[in-house]
Structures are given as C-alpha cells and as structure tokens.
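So the structure is just underneath, and the comments pick up after that.
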Amino acid sequence: MKQSHDLPRVSVGSLGGTVSMQEVAAGHGVTPTLDADTLLALVPPLRSIARISTANLCLQPSASLAFQTLLEVLAWARDEVARGAQAVVLTQGTDTLEETAWFLDLLWPFAVPLVLTGAMRAANQPGADGPANLLAAVQVALDESSRGRGALVVINDQIHAAAQVRKTASLAMAAFESPGGWPVGAVVEGAARYRHQPLPRKVLPLPIQTGHRVALLEACLDADNALLTALPELGYEGLVVAGFGAGHVSVTWAETMGTVARHMPVVVATRTGSGPTARATYGFVGGEIDLQARGMRMAGGLCPRKCRILLWLLIGADVVEQLEDWLSA
C-alpha cells in the first residue's frame, strides 16, 4: 500500500449544485450547503488513492454561474497545475454542466485531466449519487489514459467529452448522454476505459475582453422577429439561432437575420438535440443554402448553447475569424 506522500495529488474545487445540496428545513427544498471537505468526507476511499486538496470556489446553483466565475475557476485550476496537481476535479450543478465543461475545455491548455461531475439527487436523499460520482471522477482524473483529453464529464459511471455531452432529462438519474454517438468511455472497476485514443485538440487564448454579449434565440412556429430586429441596437455582438430541423428558419427570420449578419457574426444550429445542420441540401428561403448566402455560418454538430459559448470566447479573444474553422472541426 502506498504511503500518503507517494500518492498522486488531486485538486478538488466545489462550485455548489445538487451534489452539495441538502434540506435544512422541512418543506423548504434543498439548497447548496456542503463545502468541499464535507463532500470528501462522504467518500472515505478517496483518501487512499490520492492526496487531495480542496477549494470552495463558490456555493450556488449552476444556473447562476457566470462566464466571469468560470474564468476565475479556470485561473484557480491553472494555478493548481502549476503547483503540481496531477489532476483537477470540479463539482457543480448539473443544470449547466454541459456548458461549463465546454467553456473550460476550450481554454484548457494542459494534458493534465480536468474532470467535472455533479449529482441528480441531493446529499440527504436516499441513494444520493454524489459520492459515487465524485469517486468515479477522481478515479478517471488519475487514470493515465485520461491525459490529453481536455475537460471530461464523469457521471453515472460514464465518461463524456465536453463537446458532445448533453443533459437530456430533467430529473432522471441517467440524465446525461452524448447524442449522435456514445460516451467516450466508462468507469469499470475503478478505472477509465476509453473507446479511442485522445484526439487532437485546439485551445483558444484567454479572452482579452469580457463585457460583450452573444444572444441565443430559438426558432419556433409563427415567431415574430421583434427581438431579432432589436439586437444590433441592444448592443449584442453575436447571435446564435437554434433553428428548425437541419438548421432552418422562416422567411421572415431569414430576411431579418441577414440584416443582423451585417452587424455581427450569426451562427445557425439545430434545436433538435441530435445530429448536424445541413450545408447544401435545402434551397428554400430560410434553408441552410439561403442562410449561408446571407452571411450566416452553420453550426454542424455543435449544439446552440455551446455555439454561444464558442462565439463569446472567439469574440472575447479577438479571433472571431476562426469561427468557421471551429465549426468545421
């Protein structure tokens, strides 16, 4: 058995979320209350596999996380790597887990694993999944085969790539999937088992500005275009549209979006939840051929929410000219 000083060093940062929640007063619902050390105390085996340092980065529902908060989390994680951490694990709420993972993945320059996890059941509920997910996350983070894969989401003994993972159920235990494919791996007997070797990664520079805004609007039946028309005057610098089917909108929206595209980059994704946008199939007004002719970019397989994060970071780093390359990756 390894002595404690021989164990690998893992840094665990807590951001709150259901994994940290419990009911403090009957009938008032669960709220974030458990700090990182308390979470670790629920998983005694962790101390036998790693030297763990903890940090309480924030304690809130993940719906209230902001880009600036994530940049601060990233700075903490980078400092931990500089101080010798061999892996970094973050616990947070599942509501925005897919977005947080993608944001951090785009900016994570290290081979050192960055693993995110959470829970679907609060800490005081029977069958709470937080302890098992935290143990699995640390096991994956310590696995040599996890190096070079960027940010990973480990939950329900599945390992998901940040670009593909989606929360597809509101309350189910098996709430996370990688639509259109499979998780990149699984946790089997405490070890990571991957389907393929790490793929080449690209990383964005840190943003040099953070005050800009990117809008996300969803196409829906018989929607008016008032919000679209107002976007340039409201000070937005980018737009993502969750379009119908393979990336389509109404005639009215197509015309208005063409005007908006003269002022800012516009990306069209699919609202379906699985599959890519088309590029050269539909020729009607509002179809992808028409939209591209009006200056818009098609998102491919990247979901609308992740398109917004990508575009925000590209604008923030003043490299928006790379947008097409990222969407084609």
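The values are calculated or read from the model by the stated rules, or taken from the named source; none is laboratory data. Note that the structure is predicted; figures quoted are calculated from it, not measured. In this analysis, Cβ positions are derived from the backbone assuming ideal geometry, glycine residues included, and neighbour counts consider all displayed protein chains.
Within the bounds of the range 168-182, is there any residue that is surrounded by fewer than 20 Cβ atoms within 10 Å (Cβ to Cβ), modelled with pLDDT of 95 or more and in contact with a helix residue (DSSP H, G or I) (Cβ under 7 Å, 6 or more places away or on another chain)?
Among the residues of the range 168-182, not one is surrounded by fewer than 20 Cβ atoms within 10 Å (Cβ to Cβ), modelled with pLDDT of 95 or more and in contact with a helix residue (DSSP H, G or I) (Cβ under 7 Å, 6 or more places away or on another chain), which makes the answer no.
Here is a list of conditions, (1) crowded, with 19+ Cβ neighbours inside 10 Å; (2) free of Cβ contacts under 8 Å to residues at least 24 places away in the same chain, and residue 277 meets all of them except one; can you say which number that is?
(2) is the only condition that residue 277 fails.
Residues that are surrounded by 17 or more Cβ atoms within 10 Å (Cβ to Cβ), at least 3 per element: which helices (runs of 4 or more DSSP H) completely within the range 27-132 meet that?
36-41, 67-82, 97-107
What is the residue count in the range 70-93 for residues that are polar (S, T, N, Q) and within 20 Å of residue 110 (Cα to Cα)?
Residues in the range 70-93 being polar (S, T, N, Q) and within 20 Å of residue 110 (Cα to Cα): 2 in total.
Those residues that are in contact with a Lys or Arg (Cβ under 9 Å, 6 or more places away or on another chain) and small (Gly, Ala, Ser), I need them from the range 39-92; list them, please.
Passing the criteria: 48, 50, 53, 84, 85, 87.
Given the structure, is residue 289 more than 18 Å from the chain's Cα centre (by Cα), at pLDDT 95 or above and either among the polar types (S, T, N, Q) or assigned to a helix (DSSP H, G or I) (or both)? First the steps, then the outcome.
Numbers: more than 18 Å from the chain's Cα centre (by Cα): yes; at pLDDT 95 or above: yes; either among the polar types (S, T, N, Q) or assigned to a helix (DSSP H, G or I) (or both): yes.
Judged against the criteria, residue 289 is a match.
Kindly indicate whether any position in the range 249-260 is modelled with pLDDT of 95 or more, loosely packed, with under 14 Cβ neighbours inside 10 Å and touching a Gly at 6+ places or on another chain (Cβ under 9 Å).
yes
Taking residue 241, is it touching a residue at least 60 places away in the same chain (Cβ under 8 Å), in the same structural domain as residue 282 (by TED's automatic domain parsing) and either out of contact with any Asp or Glu (no Cβ under 8 Å at 6 or more places or on another chain) or farther than 30 Å from residue 46 by Cα (or both)?
In short, yes.
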